[in-house]
Amino acid sequence: MTGKLYGLGLGPGDPELITLKAHRILTAAPVIAYPAPDTGPSFARQIAASYIGAHQLEVPVVMPMRVERFPAQEVYDAAAETIGRHLDAGSDVAVLCEGDPFFYGSFMYLFERLADRYPTEIVPGVSSVMAAASALKRPLAARNDVLSVVPGPLGDDILEARIAAADAVAIIKVGRHFTRIRALIERLGLMGQAAYAERVSLDNQQLMPLDDVPDDAAPYFSMILIYKGGEVWHPAFRNNEAGA
Ligand SMILES: C[S@@+](CC[C@H](N)C(=O)[O-])C[C@H]1O[C@@H](n2cnc3c(N)ncnc32)[C@H](O)[C@@H]1O
């Protein structure tokens, strides 16, 4: 009997946003794997830290920042081999994922290498986009609104087209693209409808209108939400409608 592979969504950072199911599997798994940068701590491990016991074996999947020197595919091949050895030995392996495993998560690279050979279960997590809307107290989308999730590294032309076509937008992976993206949103006349959320649900969370962000840079764990206000979910809109 082989072990079982789990993709565990852990939510956006606050350990209280780990689901009961993820917690149960996390505390029972003999082997825990997680993505880690080559310098600094693993965010996924930090979320789970208070629930990891000394008896659990940890397998960091170290992703070098300079990917051109060490292609990411080789890292996932090697990690899949290591995890496969534990599964072959009959140990369950829980792969820790920040947010949701299948929402822009690196778990999918391990999944595609292992899921056809081992029993696999994915436990969904609270995604950072949902957590950011809650923290900002801004509903994401209503009724027939189209919500687009747009990665910030995309070029200006694509970003502009996607933002123009949607009623509500979540721009993720903002990081070093922050200045360029903010200038684009300003050009589109959407500054008044754009909010910034950084390290959502953590103690050092930052929330503010995009216009108020003082710096010209943002950390990797940040996003911008835009709501164009087309649908009638807010009392102010309802009053306008009633008065129109
Ligand atoms: C590779 S994606 C992973 C998304 C994750 N799987 C999820 O479901 O939220 C990483 C991006 O998610 C966003 N993100 C993740 N956690 C965040 C947090 N706590 N606060 C703000 N943004 C976050 C950032 O835009 C970051 O660049």
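What follows draws every value from the coordinates through simple rules; no lab data is involved. Note that this is a predicted model, so its numbers are computed, not measured. Cβ: placed from backbone, ideal geometry, glycine included. Neighbour counts: every protein chain shown.
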Legend entry - Single residue of the range 115-132 satisfying the filter (within 17 Å of residue 25 (Cα to Cα) and of a type outside the set (Gly, Ala, Ser)) that is nearest to the chain's Cα centre (by Cα): 126
Inset, instruction - Of the numbered conditions (1) β-branched (Val, Ile, Thr); (2) within 19 Å of the chain's Cα centre (by Cα); (3) buried (at least 18 other Cβ atoms within 10 Å of the Cβ), residue 149 fails exactly one; give the number of that condition. - result: (3)
Inset, instruction - Please go through the range 160-176 and pick out each residue that is surrounded by 20 or more Cβ atoms within 10 Å (Cβ to Cβ), within 14 Å of the ligand (Cβ to nearest atom) and not in a loop (DSSP other than H, G, I, E, B). - result: 169, 170, 171, 172
Legend entry - In the range 182-196, residue surrounded by the fewest Cβ atoms within 10 Å (Cβ to Cβ) [restricted to those that are under 12 Å from residue 226 (Cα atoms) and in contact (Cβ under 8 Å) with a residue 24 or more places away in the chain]: 188
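Being on the phi < 0 side of the Ramachandran plot and assigned to a helix (DSSP H, G or I) is true for just one of 135, 54, 94, 141. Which residue is that? Explain how you work it out, then say what you get.
Values: 54 fails: assigned to a helix (DSSP H, G or I); 94 fails: assigned to a helix (DSSP H, G or I); 141 fails: assigned to a helix (DSSP H, G or I).
After ruling out the rest, the residue left standing is 135.
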Inset, instruction - Select from the range 177-217 the residues that are farther than 26 Å from residue 16 by Cβ and part of a loop (DSSP other than H, G, I, E, B) and write down the one among them that is farthest from the ligand (Cβ to nearest atom). - result: 189
Legend entry - Cross-chain or 6+ apart pairs with Cβ under 6 Å, the range 98-124 first and without any contact (Cβ under 8 Å) to a residue 24 or more places away in the chain, then within 7 Å of the ligand (Cβ to nearest atom) and acidic (Asp, Glu): none
Inset, instruction - Could you identify the single residue in 142, 89, 78, 133 that is free of Cβ contacts under 8 Å to residues at least 24 places away in the same chain and of a type outside the set (D, E, K, R)? - result: 78
Inset, instruction - Would you check if residue 112 is under 30 Å from residue 228 (Cβ atoms) and of a type in the set (Asp, Glu)? - result: no
Legend entry - Scan of the range 85-124 for residues that are more than 16 Å from the ligand (Cβ to nearest atom) and among the aromatic types (Phe, Trp, Tyr), ordered by number: 118
Inset, instruction - Might you let me know whether the range 145-154 holds any residue that is more than 10 Å from the ligand (Cβ to nearest atom), assigned to a strand (DSSP E or B) and among the hydroxyl-bearing types (Ser, Thr, Tyr)? - result: yes
Inset, instruction - Determine if the range 219-227 includes at least one residue that is in contact with an Asp or Glu (Cβ under 8 Å, 6 or more places away or on another chain), of a type outside the set (Lys, Arg) and more than 9 Å from the ligand (Cβ to nearest atom). - result: yes
Legend entry - Selection within the range 197-229 - within 22 Å of residue 47 (Cβ to Cβ) and without any contact (Cβ under 8 Å) to a residue 60 or more places away in the chain: 198, 203, 204, 206, 218, 219, 220, 222
Legend entry - Residue count for the range 1-21, restricted to those that are away from the ligand (no atom under 13 Å from the Cβ) and not in a loop (DSSP other than H, G, I, E, B): 5
